[in-house]
Amino acid sequence: VADTPEKMDKYIRTIYTKANEMDRLINELTFYSKIDTNRIPYTFSKINIRDYFDDCIEDISLELESENVELEYQNCLEREVAVIADAEQIKRVINNIISNSLKYMNKEYKKISFRLRDVGDFVQFEIEDNGRGISTKDLTNIFDRFYRTDASRNSSKGGSGIGLSIVRKILEDHGGKVWATSQLGTGTTMYFVLRKFQEVPADE
């Protein structure tokens, strides 16, 4: 029973936190339902991926700074490299991956590194963290709907198990793919690729 102001404050904060968690879960479920049934109208356009990611990093750096996370950014792409993509949904991919990394940061010194690489016909994105890492037995399942590792179930910050499945679905709809490597106690690296835009020469 909340019979003191301190207890009442504690219960109110708990209710507020749980309500926010439920709101996020409902939003994720609604969005996943829409993309799973192809009801999200993607807006594809030609995007200069170097400029686009430079802008994304500027936004992300503010969030990471507030979480006391060091940001490292390496963009090795030529200026003219472009992809055909939905800018809003690719931003969702990036935010979901970062959100997942932040949940499982368990070190005093926290760091996330972003790297963009040219790999022939594709652009490869790498997002590396120094969090708790993921076990080998869990690694192949993390992009499945509602899958959560044992560590996340025991964590007060455990997620819904939907965020990374949304990532995979969006990238598949873009003709790309996503995968991860990880080492327990060291950290996790998420990789995803998008095909480069290439001009088709006009017939002479």
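No lab work stands behind these numbers, since they all come straight from the coordinates. Note that the structure is a prediction, hence the values are computed from the model and not measured. Positions of Cβ are generated from backbone atoms using ideal geometry, with glycine treated the same way; all protein chains shown enter the neighbour counts.
Mind listing which trypsin sites (Lys or Arg not before Pro) in region 1-109 are in a DSSP loop and have 13 or fewer other Cβ atoms within 10 Å? List each step's numbers first, then the result.
On the way: sites: 7, 10, 13, 18, 24, 34, 39, 46, 50, 79, 91, 92, 103, 107; in loops: 39, 79, 107.
For trypsin sites (Lys or Arg not before Pro) across region 1-109 that sit outside H, G, I, E and B with at most 13 neighbouring Cβ atoms in 10 Å, the list reads 39, 79, 107.
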Of all chymotrypsin sites (Phe, Trp or Tyr not before Pro) in region 40-112, which ones are in loop regions per DSSP and have a Cβ with at most 15 other Cβ atoms within 10 Å?
42, 44, 109
Going through region 67-107, which GluC sites (Glu not before Pro) have at most 10 other Cβ atoms within 10 Å and a DSSP loop state?
78, 80
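Starting from the Cα-Cα distance between residue 135 and residue 109, subtract it from 0.36 nm times their residue separation and give me the gain in nm to one decimal.
That pair, residue 135 and residue 109, stretches by 7.2 nm at full extension.
Expressed in nm², what is the orientationally averaged projection area of the convex hull enclosing the Cα positions of region 1-104? Working shown, then result.
Working: hull surface 39.0 nm².
The orientation-averaged projected area of the Cα hull of region 1-104 comes to 9.8 nm².
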C-alpha long axis of helix 5-36 to longest principal axis of the chain, angle in °
30 degrees
Below 30 Å, Cα to Cα, which lysines can residue 7 reach? Residues fewer than 8 away in the same chain don't count.
18, 103, 157
Too long at a 30 Å Cα-Cα cut-off: which of 111/169; 10/34; 46/169?
10/34
Cβ-derived FRET efficiency at R0 25 Å, residue 46 paired with residue 118, nearest 0.05:
0.90
Relative to the longest principal Cα axis of the chain, at what angle does helix 87-103 sit, 0 to 90 degrees, rounded to 10?
40 degrees
Any chance you could give the angle, 0 to 90 degrees and rounded to 10, that helix 163-173 forms with the longest Cα principal axis of the chain?
20 degrees
